[in-house]
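Working notes for the structure below.
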Amino acid sequence: MSAVAHLVDTSASAEAEQTDGFHLVIDALKLNGIETIYGVPGIPITDLGRMCQAEGIRVVSFRHEQNAGNAAAIAGFLTKKPGICLTVSAPGFLNGLTALANATTNCFPMILISGSSEREIVDLQQGDYEEMDQLAIAKPLCKAAFRVLHAADIGIGVARAIRAAVSGRPGGVYLDLPAKLFSQVMDAEAGAKSLVKVIDAAPAQIPAPSAITRALEELKNAKRPLIVLGKGAAYAQADDLVRDLVEKSGIPYVPMSMAKGLLPDTHPLSAGAARSTALKDSDVVLLVGARLNWLLSHGKGKTWGEPGSKRFIQIDIEPREMDSNVEIVAPVVGDIGSCVSALLDGMAKGWTAPPADWIETLRTKREANVAKMAPKLMKNTSPMDFHSALGALRTVIKERPDAILVNEGANTLDLARGVIDMYQPRKRLDVGTWGVMGIGMGFAVAAAIETGKPVLAVEGDSAFGFSGMEVETICRYNLPVCIVIFNNNGIYRGTDTDPTGRDPGTTVFVPGSRYDKMMEAFGGVGVNVTTPDELKRAVDAAMDSGKPTLINAEIDPAAGSESGNIGSLNPQSVVKKKK
Ligand code: ADP
Ligand code: TPW
Ligand code: MG
């Protein structure tokens, strides 16, 4: 039997071979190189999952759709192919939708495929099982949304979803598949012909030569140029070109969080450890796959020094990103590989390295900052604080640069980002543009599945709670994931109290919780540690063995600060209420 022709009716009266919606969906996905699906089973997609598995697609079943969705999203980021999340209707769809919206916000290619209930009943609002107008709800939260009503359109529907997810600025796509579609039967040969193999799903977008000339002029006139690398640059997988751009231009760079490791953080031109000075004192800034959103203070304000002191050049595949916050004097619209390659061609015709005093200023600042931090990272005390614990993990990643670091929390996130150097591209996965909690276990599962590399998930105790049930998934699939919980007994700190004395404070958890026991419940390894040395030993053991491991790292409950590094965004009441 061919890959696309499945015998549905085996009775003697059957004349032609037939296929159905189930098989057509699977064949369409396989034809387009989809190898893995992340999801949660149930009506009407239980059989779809089973049949995908039988047909050789890897199906990773989660405990909650949001985590499956986050897995799909980060699979998309890591592979440049759309990550697929499969859910049931209404509640399952809604659970997956947060991840779809987050993927869209972060420019990760992902397709949320949800089963849905009968159109006739939904549209008359007659109360079907899990009734919901899912397409309408998904639309404002993703890049594109499609519904397929006829088996003969499945090929086109899947093709459109794939193209929409990965072409141009990548993002989330919703594909609505009503229950009735799956059992629709059609002639197998016609079905096979209806499938579409997407050719050149994310075509190169070549920048205009005039845009390149303009950008090079700006860079040549700069006295204190700076490159900012964003996660778009990491996504583009143009690693050698990006490295050449930095090294051949001699321009220092600052990596955004998920662009860390695109060049090693120890690179002589990295100004990561002198970030504030680099942003404030630079005069011309080349943004490569990084938006001037809140994470870059919208390109203005104190962060960027004197008003009018900056000229921005921006490389981005999305034309409308230009001038979104401040004027972009040299927009370079195209894919990062093509744009950087064109800049390098232009530079080859004549280029002078930036003034030495600028490089020296940043190097001095960087060395001073690194020296200031060093003693904090070496303390071997108990209870641990964030720095002493992170000092141990920094060494782990230095010794195992191919491991993938997943990171979420507040202090646990902000301090780990600064302390843990990354050495290879796309090894740091975190909360991204929204600063969303709950990505941890979904990202960890997909990182392990998609890359086969060991994963170290460094999680605030609160952050972990958003996806913690997936430790069962990690054990079930026996993934090489080591979770370290920075257990400071709460959100930001573990010291809050209820002024009335009635309840626990709103930001604290059960004191002395032992998250390691959760892992043991499912057959994984659980370890409780109280010193940086113990922590390092436990992580090394986990990574050597590849066994699912959860390490509960006891952190001083008083060590953190409110909202980590972004306390300035946290409104606080200044009004004292009279009793
Ligand atoms: P960061 O948070 O690291 O600063 P952002 O998510 O804000 O990064 O920005 C990523 C940018 O990269 C987006 O504007 C997106 O359009 C762009 N982008 C994504 N992929 C590519 C690509 N292949 N070529 C060019 N730009 C890209
Ligand atoms: C979906 C708000 C930001 S950070 C955080 C919360 C709840 C947890 C911080 O505590 P944690 O880290 O993880 O223990 P630490 O080291 O500082 O103690 N809901 C969502 N996303 C966000 N960002 C929040 C709530 C938040
Ligand atoms: Mg905490």
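Throughout, read-outs are computed from the coordinates displayed, never taken from laboratory work. Model, not experiment: these values are computed from the prediction. Ideal geometry is used to build each Cβ from the backbone, glycine not excepted, and the neighbour counts take in all protein chains shown.
With loop membership from DSSP and a limit of 12 other Cβ atoms within 10 Å, the longest segment of the chain without GluC sites (Glu not before Pro) is 16-326.
Helix 532-545: angle to the longest alpha-carbon principal axis of the chain, degrees 0 to 90, nearest 10? Helix 532-545 and the main axis of the chain meet at about 30 degrees.
Using only the Cα atoms of region 162-202, build the gyration tensor, take square roots of its eigenvalues as a ≥ b ≥ c, and label the shape rounded, prolate or oblate: rounded if a/c is under 1.5, else prolate if a/b is larger than b/c, else oblate. Oblate, because a/c is 1.5 or more while a/b does not exceed b/c. Across region 82-87, rounded Karplus estimates of 3J(HN,Hα) from the backbone phi angles (6.51 cos²θ - 1.76 cosθ + 1.60, θ = phi - 60°) give x, x, 10, 10, 10, 9 Hz, Gly and Pro being marked x.
Taking neighbour counts of Cβ atoms within 10 Å as a proxy for exposure, in what order, fewest first, do Tyr235, Tyr38 appear?
Fewest to most other Cβ atoms nearby, the residues stand as Tyr235, Tyr38.
For Asp533 and Lys248, what does the FRET efficiency come to when R0 = 45 Å and r is the distance between their Cβ atoms, rounded to the nearest 0.05? Step by step, r from the Cβ atoms, then E = 0.60.
Would you please state which residues of region 509-547 a label at Asn478 would reach in this model, taking the label point 7 Å out along Cα→Cβ and a backbone N cut-off of under 15 Å? From region 509-547, the list is 523-525, 545-547. Working note: Debye formula, equal point scatterers on the alpha-carbon atoms of region 209-363, no solvent; log10 I(q)/I(0) at q = 0.14 Å⁻¹ is -0.59. Spatial offset of region 267-319 relative to region 168-197 amounts to 43 Å, using the alpha carbon center of each.
Once the Cα atoms are used to define both axes, helix 154-166 deviates from the longest principal axis of the chain by about 0 degrees.
As a ratio to 2.2 N^0.38 Å, the alpha-carbon radius of gyration computed for region 54-144 takes the value 1.12.
Does the chain classify as rounded, prolate or oblate by the C-alpha gyration tensor (a ≥ b ≥ c root eigenvalues; a/c under 1.5 gives rounded; else a/b over b/c gives prolate, otherwise oblate)? The shape class here is oblate. Put simply, region 330-430 fits an ellipsoid with semi-axes of 35, 20, 12 Å; these come from the alpha carbon gyration tensor as the roots of five times its eigenvalues, largest first. For Ile37, nonlocal amide neighbours, meaning residues 5 or more places apart or on other chains whose placed amide H falls under 5 Å from its own, are Arg58, Val59, Val60.
Applying a DSSP loop filter and a limit of 13 other Cβ atoms within 10 Å to the trypsin sites (Lys or Arg not before Pro) in region 137-202 leaves Lys197.
Taken over region 475-565, the alpha-carbon convex hull comes to 114 cubic angstrom per residue. Helix 209-220 and the longest principal axis of the Cα set of the chain meet at an angle near 20°. With a Förster radius of 25 Å applied to the C-beta separation of Asn570 and Lys300, the computed FRET efficiency comes to 0.75.
P(r) for region 31-186, from all Cα pairs and a bin width of 5 Å, is 2, 11, 20, 25, 23, 13, 5, 1, 0 %, short bins first. Under 5 Å between amide hydrogens, built in the peptide plane, is the criterion, and for Ser116 it picks out Leu177, Ala179 among residues at least 5 positions away or on other chains.
Placing unit charges on the Cβ atoms only, positive for Lys and Arg and negative for Asp and Glu, gives region 209-363 a dipole magnitude near 360 debye about its Cα centre. In units of the rule-of-thumb radius 2.2 N^0.38 Å, region 215-281 shows an alpha carbon radius of gyration of 1.05.
Here the ratio of the Cα radius of gyration of region 466-509 to 2.2 N^0.38 Å is 1.66.
The share of Cα pairs per 10 Å bin across region 357-481, counted from zero up to the longest distance, runs 13, 38, 34, 12, 3, 0 percent. Residues in region 250-256 carry Karplus couplings, in order, of x, 8, x, 9, 10, x, 6 Hz; the curve used is 6.51 cos²θ - 1.76 cosθ + 1.60 with θ = phi - 60°, and Gly or Pro positions show x.
Give the residues of region 279-304 whose amide nitrogen is closer than 19 Å to a point set 7 Å from the Cα of Lys372 in the direction of its Cβ. Counting backbone N atoms under 19 Å from the label point, the list is 279-282, 302-304. Summing charges over all other residues whose Cβ lies under 14 Å from the Cβ of Glu120, with Lys and Arg as +1 and Asp and Glu as -1, gives -2.
Rounded to the nearest Hz, the phi-derived 3J(HN,Hα) couplings of region 258-273 under the Karplus curve 6.51 cos²θ - 1.76 cosθ + 1.60 (θ = phi - 60°) are 8, 9, 4, x, 4, 10, x, 4, 8, 4, x, 8, 6, 10, x, 7, where x marks glycine and proline.
Under a 5 Å amide H cut-off, with hydrogens placed 1.01 Å from N, Gln314 pairs with Leu287, Ala330, Val332 among residues at least 5 apart or on other chains. In a solvent-free Debye calculation with one equal scatterer on each Cα, what is log10 I(q)/I(0) for region 379-566 at q = 0.10, 0.13, 0.15 Å⁻¹, listed in the order of the q values? Relative scattering, expressed as log10 I(q)/I(0), comes to -0.34, -0.59, -0.79. Model label points for Glu35 and Asp240, set 7 angstrom from Cα along the Cα-to-Cβ axis, are 2.2 nm apart. Take the Cα of Ile206, go 7 Å toward its beta carbon, and the backbone nitrogen atoms of region 313-328 under 18 Å from that spot belong to 316-317. Counting neighbouring beta carbons within 10 Å and listing from fewest to most, the residues Ser89, Ser568 come out as Ser568, Ser89. Each residue in Thr495, Thr303, Thr412 was given a count of other beta-carbon atoms within 10 angstrom of its own, and listing them fewest first yields Thr303, Thr495, Thr412. Of all beta bridges that DSSP places with both ends in the chain, some 5 percent have antiparallel geometry. Projected label points at Ile121 and Ser61, each 7 Å from Cα along the beta carbon direction, are separated by 2.4 nanometres.
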